[in-house]
Amino acid sequence: MKDNSHIIKYLNEYVKMPEPRYAVMLKGDWGCGKTYFIKTQIESWSKKSKTKSDDITLKPIYVSLYGLSNTTEVTDKIRNVLNPFLTSKGIKIAKKIIFGTIATTFKIDLNSDKDNERSLSFDLDSLNLLDIKSDKIKGEKILIFDDLERCKIPLDILFGYINNFIEHKQCKVILISNEQKIEEKEIEKGNEDKDINSNKITYKDFKEKLIGQTFEISPDYEKVIKCFLSEIKNSSLQNNFNIINDVFITSKINNLRILRQCFYDFQRLEELINKDIKKKTNYNDFIKELICYFIIFYCEYKSGNHNIRTFQELKISNSGNSILDKNEIHKDENKYSYIINKYNLNDSHNILRGKIIIYFIENGTLDIETLNQYLLQNVYFAYSDQSPQKLLKNYNLLSNIQFDEIYKEVLSIFENKKYDNIYQLLDVCGIFLSLKEDKIISYNKNDIVKIAKDNIDLMISKNNEFDNRNLFDIYYLCSDTPEFIEISSYYEKKIKEKTIKNWKQFLKDYFENLDDDKCNNIFDKMRGESPFERLKYEFTPIFYPIDVKKFAIRINELSNKSKNQLNNYLKIRYSLSNNYQISSYHIGDLDALNKLMIILDKKIKLSKSIDKYVLNNLIKTINKAIEKIKPNPNQPADNSNVFWE
């Protein structure tokens, strides 16, 4: 990386010149640290300025031209910097200067009382401080105009405006820009108004007539990153400066603005991690890796590389199911392989998957509970610090004696089917399959599959609630092997069976034991989450699994108020008051509703008065629902969402 010391030396000499009559240009790509560089210089120049009690000491004036469309806006920004010099002590000094030198220039009546003296700051244009020549006004008249390429003022007008400060006010002017963007803008405009105004100034003219020296800023990443970290005051970031610096340089993004924003967003992400996780002894090791991957995904994504979504994804994709562009993936993975190997990092799946980081980048937040549950399953927190399974997963780091001892312990747990967490069970299966692939153990793969399935059966029989996360949100060894896929598929199949069983049991218990209290809460109950991955009961065929005869008996025993409540629910469920389309889960109710109609038709013959009237209304609603649900013989049946059979 180049040194900017020659630029600093030149600028220090330039600002001391009595009348340079030209401006200096500092150029560089967006985010390379131009603004940081010049603000560091401003701070340095300001510290050197010492003010005596009877002097006004000017300090460098910094103005961003970003979005400004006329010179009045620029002048207002300059005045905002100068105005403080015309308050309290400064205004008295200015008054003395005006009396002794250029009182007539300002056309102010100073022969009045103290009230006029107090109002002087309103009558005196602070911009004229740049015109006054007096020993009482110290400091260099330095004007710095940043973001030249983002300025909307036409170049010919801007040229005249800036040149006035150089030629007539003897100011030292420093311009800061991304010169490439200015030139690109001119090329885009082409010759569209060449015929209208052939005398219009070009950037080349602007530069030749106004700028005497141009320097390109070379970013001092180490210095700027340290400055950012001191500003944000996040101990996790501050303690990992080396890896941050290495990752950013490796990324070749070269945009310090993105990195600075990355630090603030990382701080927000870390605030979502609960205190219990932060207290774990290996949290510092975990956070180092999270910082690394967060910077990789953040800087790449923010700079336009949306292919970074697939970074390391092939390693957790099932065989034959990947539709990812391997060439693009390898391009990014090769780019960061040096960093990953240098710091001996786990894959991002073991820390926080890239798709989760990108979701946070896009949406600015994550569900706190889901995030912390996920983190507890990663390589650092899923096991205790000295967990045999964690040690065995890194078997290449063990000695023969260590391996034999640890393998024996983990195998005993596996063979005795003591796993009650599917992620840990899949993890150990992946380890054993990997050991078998590497010819370290002779254990039969079919035996691994059989024992895993038996453990799954035992696990599911003991539990009614299951984690709905994708099994492959976590990284496993050998996850693309036929044996591993067979084990994970078996678990998913068994979970579906258990889920359907739980779903059926809930609906049977509810409708076959329906009473006035239950009917009063029917809307809330049916809008509750079913076992189907947070799918509400009302989006399932609620009458499909029930014994219709028992349901009919319970309906007959309901009060008329409750029958009306049930009637209202059915009208809403089947959208009888509008033309909303019927879904496949509605069709699943059809057989039960037909049977219920037959039974209730017999019941109504035994009813009288109000009871008969209310029951008849319910039967009419059921009949309308049946007519609406009946499949159209001209349309093929939609079985895409049939999960209950």
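When region 28-74 is filtered for residues that are in a strand (DSSP E or B) and at pLDDT 90 or above, the ones remaining, listed by number, are 61, 62, 63, 64. How many residues are surrounded by fewer than 19 Cβ atoms within 10 Å (Cβ to Cβ) and under 23 Å from residue 221 (Cβ atoms) when one looks only at region 13-30? Total meeting the criteria: 2. Just one of the listed residues (607, 640) is of a type in the set (Gly, Ala, Ser) and either within 41 Å of the chain's Cα centre (by Cα) or modelled with pLDDT of 90 or more (or both), and it is 640. Looking only at residues in region 229-270 that are acidic (Asp, Glu) and at pLDDT 95 or above, the one that is farthest from residue 371 (Cα to Cα) is 265.
Does region 213-226 hold any residues that are in contact with a helix residue (DSSP H, G or I) (Cβ under 8 Å, 6 or more places away or on another chain), surrounded by fewer than 17 Cβ atoms within 10 Å (Cβ to Cβ) and part of a helix (DSSP H, G or I), and which are they? Those that are in contact with a helix residue (DSSP H, G or I) (Cβ under 8 Å, 6 or more places away or on another chain), surrounded by fewer than 17 Cβ atoms within 10 Å (Cβ to Cβ) and part of a helix (DSSP H, G or I): 222, 226. The single condition among (1) of a type in the set (D, E, K, R); (2) more than 42 Å from the chain's Cα centre (by Cα); (3) at pLDDT 85 or above that residue 200 does not meet is (3). Within the set 406, 413, 401, the sole residue that is of a type in the set (A, V, I, L, M, F, W, C), modelled with pLDDT of 90 or more and exposed (fewer than 12 other Cβ atoms within 10 Å of the Cβ) turns out to be 401. Report yes if some residue within region 109-124 is surrounded by fewer than 15 Cβ atoms within 10 Å (Cβ to Cβ), in contact with a Phe, Trp or Tyr (Cβ under 9 Å, 6 or more places away or on another chain) and modelled with pLDDT under 75; otherwise report no. Yes, region 109-124 has at least one match.
Scanning region 416-433 for residues that are part of a helix (DSSP H, G or I) and surrounded by fewer than 20 Cβ atoms within 10 Å (Cβ to Cβ) turns up 423, 424.
Considering the conditions (1) more than 33 Å from the chain's Cα centre (by Cα); (2) at pLDDT below 90, residue 473 is excluded by exactly one of them, (1). Tally time: how many residues in region 226-245 are out of contact with any Phe, Trp or Tyr (no Cβ under 7 Å at 6 or more places or on another chain), among the β-branched types (Val, Ile, Thr) and without any contact (Cβ under 8 Å) to a residue 40 or more places away in the chain? Residues in region 226-245 being out of contact with any Phe, Trp or Tyr (no Cβ under 7 Å at 6 or more places or on another chain), among the β-branched types (Val, Ile, Thr) and without any contact (Cβ under 8 Å) to a residue 40 or more places away in the chain: 0 in total. Among the numbered conditions (1) over 30 Å from residue 492 (Cβ atoms); (2) in a helix (DSSP H, G or I), the only one that residue 607 does not meet is (2). Here region 173-196 is the region considered, the condition is being among the basic types (Lys, Arg) and over 26 Å from residue 62 (Cβ atoms), and the residue that is modelled with the highest pLDDT is 189.
Test residue 374 against the stated conditions and say whether it is under 26 Å from residue 272 (Cα atoms), touching a residue at least 12 places away in the same chain (Cβ under 8 Å) and among the hydroxyl-bearing types (Ser, Thr, Tyr). Spelling it out, residue 374 is indeed under 26 Å from residue 272 (Cα atoms), touching a residue at least 12 places away in the same chain (Cβ under 8 Å) and among the hydroxyl-bearing types (Ser, Thr, Tyr). Scanning region 9-34 for residues that are farther than 15 Å from residue 173 by Cα and either aromatic (Phe, Trp, Tyr) or within 40 Å of the chain's Cα centre (by Cα) (or both) gives 28, 29, 30, 31, 32, 33, 34.
Please determine whether any residue of region 379-392 is within 15 Å of residue 292 (Cα to Cα), at pLDDT 80 or above and crowded, with 19+ Cβ neighbours inside 10 Å. Checking region 379-392: not a single residue is within 15 Å of residue 292 (Cα to Cα), at pLDDT 80 or above and crowded, with 19+ Cβ neighbours inside 10 Å.
Quick check: is even one residue across region 575-586 among the small types (Gly, Ala, Ser), modelled with pLDDT of 85 or more and in the same structural domain as residue 560 (by TED's automatic domain parsing)?
At the first step, the residues of region 575-586 found to be among the small types (Gly, Ala, Ser) are 575, 577, 583-584.
Filter once more, keeping what is modelled with pLDDT of 85 or more: none.
No, region 575-586 contains no residue that is among the small types (Gly, Ala, Ser), modelled with pLDDT of 85 or more and in the same structural domain as residue 560 (by TED's automatic domain parsing).
Among the residues of this structure, residue 611 counts as one that is over 26 Å from residue 503 (Cα atoms) and touching a residue at least 24 places away in the same chain (Cβ under 8 Å).
For region 548-571, the criterion of being within 22 Å of residue 536 (Cβ to Cβ), surrounded by 14 or more Cβ atoms within 10 Å (Cβ to Cβ), in contact (Cβ under 8 Å) with a residue 24 or more places away in the chain and among the β-branched types (Val, Ile, Thr) is satisfied by no residue at all. How many residues does region 335-375 contain that are under 20 Å from the mean Cα position of the chain (by Cα) and outside any helix (DSSP H, G or I)? The number of residues fulfilling the criteria is 8.
The values are calculated or read from the model by the stated rules, or taken from the named source; none is laboratory data. Just so we're clear, the structure is a prediction, and the values are computed from it rather than from any experiment. All Cβ positions, even for glycine, are placed from backbone atoms using ideal geometry, and neighbour counts span all protein chains on display.
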